[in-house]
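Colleague: Before I ask anything, here is the structure I am working with.
The values are calculated or read from the model by the stated rules, or taken from the named source; none is laboratory data. Quantities reported herein were computed from a predicted structural model and do not represent experimental measurements. Note that each Cβ is placed from the backbone with ideal geometry, even for glycine, and that neighbours are counted across all protein chains shown. Surface accessibility is based on the protein's heavy atoms, side chains included, excluding ligands, DNA and RNA. Shrake-Rupley method; radii C 1.70, N 1.55, O 1.52, S 1.80 Å.
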Amino acid sequence: MSTAATADASSSGDTTEGSVRLLTLQSEDGEVFEVKETIATQSVTIKGMVDDDCATSTIPVCNVTGRTLAMVIEWWNKHEIGAVSNEKELKEWESQFDTIDDKSDRDDVYDLLMAANYLNIPTLLDCCTSAVAEAIKGKSTDEMREFFDIKSDFDEKEEDALRKENQWAFEN
Amino acid sequence: MAVTPRSCKIPRTSNGGGDDEDDGDRLSSLPEHIIRHIFSFLDTINVVRASSVSRKWRYFSVSVPHLNLNIFTFWLLLLNKKDSMQVTNEKFKDFVNWVLMSQDWSVDIQNFSLYYWKIRDDNIIYRWMNVLARRNVQQLYLRLFSDTPLELPLCIINCESLVDLKICFDQYSVLKLPESPGFTRLKFLYLSMVEFMDSMLLGNFVSSCPVLENLTMDDCTFHDFKILDIAAPRLKNLIIDSLTSADEDLFNCEVIVACPSLVSFKLLGTPSGLSFPGTNGLQNVFIFFNHGPEHRTVEEGHHLMDSILRGICNIKVLKLSAAFLGFLLLAVAKPECSAAFYNLKSLTLLVSVDESDQSTIQFLNHSPNLEALSIIFTRLEDWGDNDVALSATRHTLVICGKSNHVTDSCKMPNDDISCMTYHLKKVELIDVACNKNELELVKFLLKNGHVLQKMSIRGKYLNYPTRLSQK
């Protein structure tokens, strides 16, 4: 997965762009981003703040790092109406999230999931959850443990019982 | 808003290895609803596999409200692929039984989807349905290979949680419909490759579903039907597709649609009659006739069109096949017919290349307020010879020429067409092969479309759309 959308994100100086209002978002680690209101309101959470007139000063985005927030803003930019000319191009761009075979990709997806959850961005949440589901598909129990770095917390007897009950889980 | 744990962020490592092990399992520390969301995408076989991963995953797995049990996935994933159908079936049954047993029964099943090979007197599916009804199933999708008729069991008919029912057969099979009313909350009913044997029973069944809103009969056969009577008080969307069932389509059947709430109607097939008594709110209609007027006598054609025109004259969105357009033009060509579609805003035509220009423009004369026109060019070679559905375009091609009394098909009319002068803003031509007729049509539309804002032309073999703008 490619990352970092700093070009659109980190602007300095101007706070108005035509008649479009800019919102200031601050990540957990202190990075500040100025984002067009029309784009940022893809987040249901931010939209709620704008509607309630609470978005006048800097909006803290807790638990989301600057690195992740930049990815989220890239997502918003791509999903702004009219940003991408056709559905196919958008799907192609989204397909970078499909494979999470590398650990760093997985970490990105988890970060994005947390951000999508906090900011309430349904499209991003769907995309990332389905990517994780795709990775689970077709794996045996042992393969899942290995892939997702999960240690079994069953004791030996339980593990034995599981293997008998769910014989389908361990075959491949 | 879910509160997220602060410790979720871990530092990036360049090589991905050598992490602290506690940091490893970030997936399980995601909020519960996200993990559920992830699990909802999975086939149940994968959920069962996930249930043995850890205690936490087990907890999520047994309470997943979506079950998706597919014998084919099961066979692909697990079994020795040399297993016979019977052996596979036995193992799959065992698996489904275990899933239903081991799940947390306090969780209602939102969605149960099953693909199963039901062979002869195998009754296990009725036992499963019994469990589903008791677990308040809301959506039930059955895809079955079945060599014996399927009966809708009483527990499902009387199931008060069931909102959405979908039954698809792999090969035409009889579905025994209930004689007593039920389905008190059923809103969506989708039936595919079902053989209907009794027109009374089907009519009664549909009208006995009190809140049914969407009914689709896809690729169904209507055995010896003289009348297909669909009368449902709340029905909003109705789709009847009998195209591929060549021998038992609706050719000798009168279709009566009496649904006061109906908004959208789609029919694929050529019935002997089609009427809409009491169906006044219709807005969106797609009629795909596969037989043109040459298959009917003139009287039959008029009988058919009289009742259809009464039913669809007020609609806003219309999509038609060439064969239907053939009937329509015959009907509106009658001097006593003053039919006009005053409310029609959007028109889509599926036409074959050669007759497109004349018939299209003729029809524009009868739609004074049309704003958007889409023409999809079908090509004879696109359809296999055995494709009964669309080989019909071949016939219409001739017929439309006749009905228009025009010999030179490239000649365009000169008189003003009201919708083109005042309303037609958007034209879309799809699968254009750039032959002479099509180009003439484009020229005509550009010349006469006084308020045209956007015309898009998509070639059959081109990947990029060509956009032309005027004014």
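Colleague: With the condition being under 26 Å from B:SER173 (Cα atoms) and open to solvent by 60 Å² or more (accessible area, probe 1.4 Å), I'd like the helices (runs of 4 or more DSSP H) fully within the stretch B:79-161 carrying at least 2 qualifying residues. Working first, answer last.
Modeller: Values: elements: B:85-102, B:124-134, B:154-157.
The helices (runs of 4 or more DSSP H) meeting that bar are B:85-102, B:124-134.
Colleague: Further question: Mind checking which residues of the stretch A:114-125 are farther than 19 Å from A:ILE100 by Cβ and more than 9 Å from every other protein chain (Cβ to nearest Cβ)? Let's see the steps before the verdict.
Modeller: We begin by selecting, within the stretch A:114-125, every residue farther than 19 Å from A:ILE100 by Cβ; these are A:118-120, A:122.
Result: A:LEU119, A:PRO122.
Colleague: A further question on this structure: If you go through the stretch A:49-71 one residue at a time, how many are over 20 Å from the mean Cα position of the chain (by Cα) and touching a residue at least 12 places away in the same chain (Cβ under 8 Å)?
Modeller: Just the residues of the stretch A:49-71 that are over 20 Å from the mean Cα position of the chain (by Cα), to begin with: A:49-58.
Narrowing the set further to residues that are touching a residue at least 12 places away in the same chain (Cβ under 8 Å) leaves A:50, A:55, A:57-58.
The total comes to 4.
Colleague: Also: Tell me, which residue of the stretch B:53-70 that is within 20 Å of B:TRP105 (Cβ to Cβ) and at the interface with chain A (Cβ under 8 Å from one of its Cβ atoms) is surrounded by the fewest Cβ atoms within 10 Å (Cβ to Cβ)?
Modeller: First, pick out the residues of the stretch B:53-70 that are within 20 Å of B:TRP105 (Cβ to Cβ): B:55, B:57-69.
Cutting the leftovers down to at the interface with chain A (Cβ under 8 Å from one of its Cβ atoms) gives us B:55, B:57.
On the way: B:ARG55: 12, B:TRP57: 26.
Among those that are within 20 Å of B:TRP105 (Cβ to Cβ) and at the interface with chain A (Cβ under 8 Å from one of its Cβ atoms), it is B:ARG55.
Colleague: Hey, can you tell me all the residues within the stretch A:99-113 that are closer than 22 Å to B:GLU32 by Cα, more than 9 Å from every other protein chain (Cβ to nearest Cβ) and open to solvent by 10 Å² or more (accessible area, probe 1.4 Å)?
Modeller: A:ASP105
Colleague: Kindly indicate which of B:LYS447, B:LYS436 is out of contact with any Phe, Trp or Tyr (no Cβ under 9 Å at 6 or more places or on another chain), open to solvent by 70 Å² or more (accessible area, probe 1.4 Å) and at pLDDT 80 or above. Break it down into steps so the answer makes sense when it comes.
Modeller: Values: B:LYS436 fails: at pLDDT 80 or above.
So the residue among B:LYS447, B:LYS436 that is out of contact with any Phe, Trp or Tyr (no Cβ under 9 Å at 6 or more places or on another chain), open to solvent by 70 Å² or more (accessible area, probe 1.4 Å) and at pLDDT 80 or above is B:LYS447.
Colleague: Have a look at A:GLU74, A:GLU89, A:GLU158 and point out the one that is more than 8 Å from chain B (Cβ to nearest Cβ) and in contact (Cβ under 8 Å) with a residue 24 or more places away in the chain.
Modeller: Details: A:GLU89 fails: in contact (Cβ under 8 Å) with a residue 24 or more places away in the chain; A:GLU158 fails: in contact (Cβ under 8 Å) with a residue 24 or more places away in the chain.
The match here is A:GLU74.
Colleague: What pairs come up if the first residue lies in the stretch A:33-45 and is in a helix (DSSP H, G or I), the second is among the basic types (Lys, Arg), and their beta carbons are under 6 Å apart, counting only those six or more places apart or on different chains?
Modeller: A:GLU37/A:ARG21
Colleague: Residue by residue through the stretch B:263-281, note down the ones that are touching a strand residue (DSSP E or B) at 6+ places or on another chain (Cβ under 6 Å), over 15 Å from B:ALA331 (Cβ atoms) and open to solvent by less than 10 Å² (accessible area, probe 1.4 Å). First the steps, then the outcome.
Modeller: Step one: list which residues in the stretch B:263-281 are touching a strand residue (DSSP E or B) at 6+ places or on another chain (Cβ under 6 Å), which gives B:264-268, B:271-276, B:279.
From what's left, over 15 Å from B:ALA331 (Cβ atoms): B:264-268, B:271-272, B:276, B:279.
B:PHE265, B:LEU267, B:PRO271, B:THR279 - these are the residues of the stretch B:263-281 that are touching a strand residue (DSSP E or B) at 6+ places or on another chain (Cβ under 6 Å), over 15 Å from B:ALA331 (Cβ atoms) and open to solvent by less than 10 Å² (accessible area, probe 1.4 Å).
Colleague: Separate question: Among the residues of the stretch A:161-172, which ones are more than 7 Å from chain B (Cβ to nearest Cβ) and either open to solvent by 50 Å² or more (accessible area, probe 1.4 Å) or at positive phi (or both)? Before you say what the answer is, go through the steps one by one.
Modeller: Just the residues of the stretch A:161-172 that are more than 7 Å from chain B (Cβ to nearest Cβ), to begin with: A:161, A:163-165, A:167, A:170, A:172.
Scanning the stretch A:161-172 gives A:ARG163, A:LYS164, A:GLU165, A:GLN167, A:ASN172.
Colleague: Restricting the search to the stretch A:126-150, which residues are open to solvent by 10 Å² or more (accessible area, probe 1.4 Å), farther than 20 Å from B:ASN68 by Cβ, within 7 Å of another protein chain (Cβ to nearest Cβ) and in a helix (DSSP H, G or I)?
Modeller: Hit for the stretch A:126-150 is A:ARG145, nothing else.
Colleague: I need every pair where a residue in the stretch B:294-314 that is over 18 Å from B:LEU267 (Cα atoms) has its Cβ under 7 Å from the Cβ of a residue that is at pLDDT below 85 and open to solvent by 40 Å² or more (accessible area, probe 1.4 Å), sequence separation at least 6 or different chains.
Modeller: B:GLU294/B:HIS395
Colleague: Applying the selection to the stretch B:71-111, what residues are touching a strand residue (DSSP E or B) at 6+ places or on another chain (Cβ under 7 Å) and within 12 Å of chain A (Cβ to nearest Cβ)? Working first, answer last.
Modeller: Let us first name the residues in the stretch B:71-111 that are touching a strand residue (DSSP E or B) at 6+ places or on another chain (Cβ under 7 Å), namely B:71-72, B:85, B:89, B:96, B:99, B:109-111.
Matches in the stretch B:71-111: B:VAL96, B:VAL99.
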